[in-house]
Structure formats: C-alpha cells, structure tokens
Amino acid sequence: MGDQPENDVEEKTMYIRVKRKKMTVFLQVNPTDVVSSVKETLAGLVEKSSDDMRLWSGSVLLDENKSLEHFGIGNGAVLGLAYRSDTGEFEDVIIEQVDN
Amino acid sequence: MEKPRETVKLISAEGYEFVVDYEAACVSSTIRNMLSSQGGFTETERGEVRFPEISAPVLEKVCQYFYYKLQCNRSTGATPEFHIPPEEALELLMAANFLDT
C-alpha cells in the first residue's frame with residue numbers, strides 16, 4: 001500500500017494516554033498499530049519530529065516496528081513520552097502528578 | 001500537506017493539559033458550544049478550553065469518560081464498565097453537570 005494513510009477516521013478500537021510532564025494526549029489506536037505510526041500521529045500534534053521522541057511503557061522503551069499489543073498495551077494504558085533535548089540526548093520520562 | 005487531526009486541548013485548574021479528539025470533547029455539549037461559537041473566542045481559534053474549577057484528576061476522568069462514551073456508541077454488544085472511585089465521584093458529578101455530559 002503506497003498511499004499515505006489519511007487522517008480520516010477508521011474505527012479505532014481503543015485509546016491510550018501519552019503523558020509528558022503536565023500534558024496528557026489521548027489517542028485513538030488499534031492494538032495492531034505499530035509504535036512508529038503512533039509517534040507519527042503524536043508528531044503532528046505536538047509539532048516535534050518523531051525522531052525526537054521516545055515512547056515508554058513504564059520502564060520498557062517501545063521499539064518502532066513493534067505493535068502496541070506486542071507490549072501488552074490495552075485500552076486506557078498510559079505511555080511515557082520523552083523528547084530529545086538540545087544536547088542530542090533523550091530526557092528522562094517525567095510525568096507530573098497532582099498533589100491533592 | 002498534512003492536515004492536523006481535529007483535536008482540542010482541555011486545561012485543568014493546575015494547568016495540566018489534556019489533548020483529546022474534537023469528537024471526544026463534543027460528548028460534552030458545553031464544550032461543543034464553546035468551540036462552535038461564532039464570536040471568535042480564544043477557544044475557537046486555538047481549540048483550547050480552560051477549566052479553572054476542575055482539577056486535573058477529575059478532568060482526566062472526564063476525558064476517559066468521553067472515550068468510553070465513543071466506544072459505547074460504536075459497539076453493539078455489552079458496554080464495558082466505567083469505574084469511578086468513590087472519592088472522585090462528587091467532583092466528577094459536579095464537573096459532569098457543568099459540562100452537560
């Protein structure tokens with residue numbers, strides 16, 4: 001399939017939450033979606049290149065070409081997002097918690 | 001040329017940002033009305049709505065509810081449960097009332 005996937009809505013079966021510091025992005029995805037396509041979607045939203053971001057599920061760094069279900073990521077799961085800093089190194093995943 | 005996804009940013013009292021699909025945000029008639037207003041409000045231009053009276057955990061739960069609702073609308077089988085911890089229930093109820101959700 002050579003075509004660029006459109007942004008129109010095919011039925012996605014689940015959502016995930018991608019968090020970085022004080023931001024949470026809700027994304028509709030399928031378990032069979034691969035990590036690289038999730039990063040592309042995020043890249044469009046946060047205006048960062050997907051090369052400059054990493055996705056983590058807890059302490060597991062998600063590989064580009066594997067699917068979400070490969071990592072056991074299900075409906076409502078929280079993923080951590082880290083950006084590449086100006087030094088070229090990736091920051092640590094930091095997710096701010098609200099103090100109640 | 002990439003068209004950005006139709007997303008909306010909801011901002012809690014503490015300044016936490018929640019980015020959701022436009023379709024999800026419109027589960028709330030209040031938000032839908034804010035976003036579709038013709039008056040050229042900031043909300044319409046930037047697709048951002050602030051909720052200074054709603055805390056982040058509650059706003060996050062509200063967002064989760066939006067997606068739960070979308071999934072229910074689509075599925076024809078049994079609806080999954082939407083679990084609300086009792087300590088969040090009151091604030092969630094007030095937020096839901098305000099958001100007409």
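The values are calculated or read from the model by the stated rules, or taken from the named source; none is laboratory data. Just so you know, these numbers come straight off a predicted model, no measurement behind them. Neighbour counts run over all protein chains shown; Cβ positions are idealised from the backbone, glycine included. With ligands, DNA and RNA removed, areas are computed over all heavy atoms of the protein, side chains included. Shrake-Rupley method; radii C 1.70, N 1.55, O 1.52, S 1.80 Å.
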Test of understanding: among A:Leu27, A:Leu45, A:Leu62, which residue is under 19 Å from B:Leu10 (Cα atoms) and in contact with a Phe, Trp or Tyr (Cβ under 8 Å, 6 or more places away or on another chain)? A:Leu27
Restricted to the range B:63-91, and to residues that are under 12 Å from the mean Cα position of the chain (by Cα) and free of Cβ contacts under 8 Å to residues at least 40 places away in the same chain, which residue is least open to solvent (accessible area, probe 1.4 Å)? B:Gln64
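I'm checking my understanding of the structure. Among residues of the range B:28-39 that are open to solvent by 40 Å² or more (accessible area, probe 1.4 Å) and of a type in the set (Gly, Ala, Ser), which one is modelled with the lowest pLDDT?
Only one residue fits best here, namely B:Gly39.
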Positions within the range A:65-100 being surrounded by 14 or more Cβ atoms within 10 Å (Cβ to Cβ), part of a loop (DSSP other than H, G, I, E, B) and more than 14 Å from chain B (Cβ to nearest Cβ), in sequence order: A:Leu68, A:Ile73, A:Glu91, A:Val93
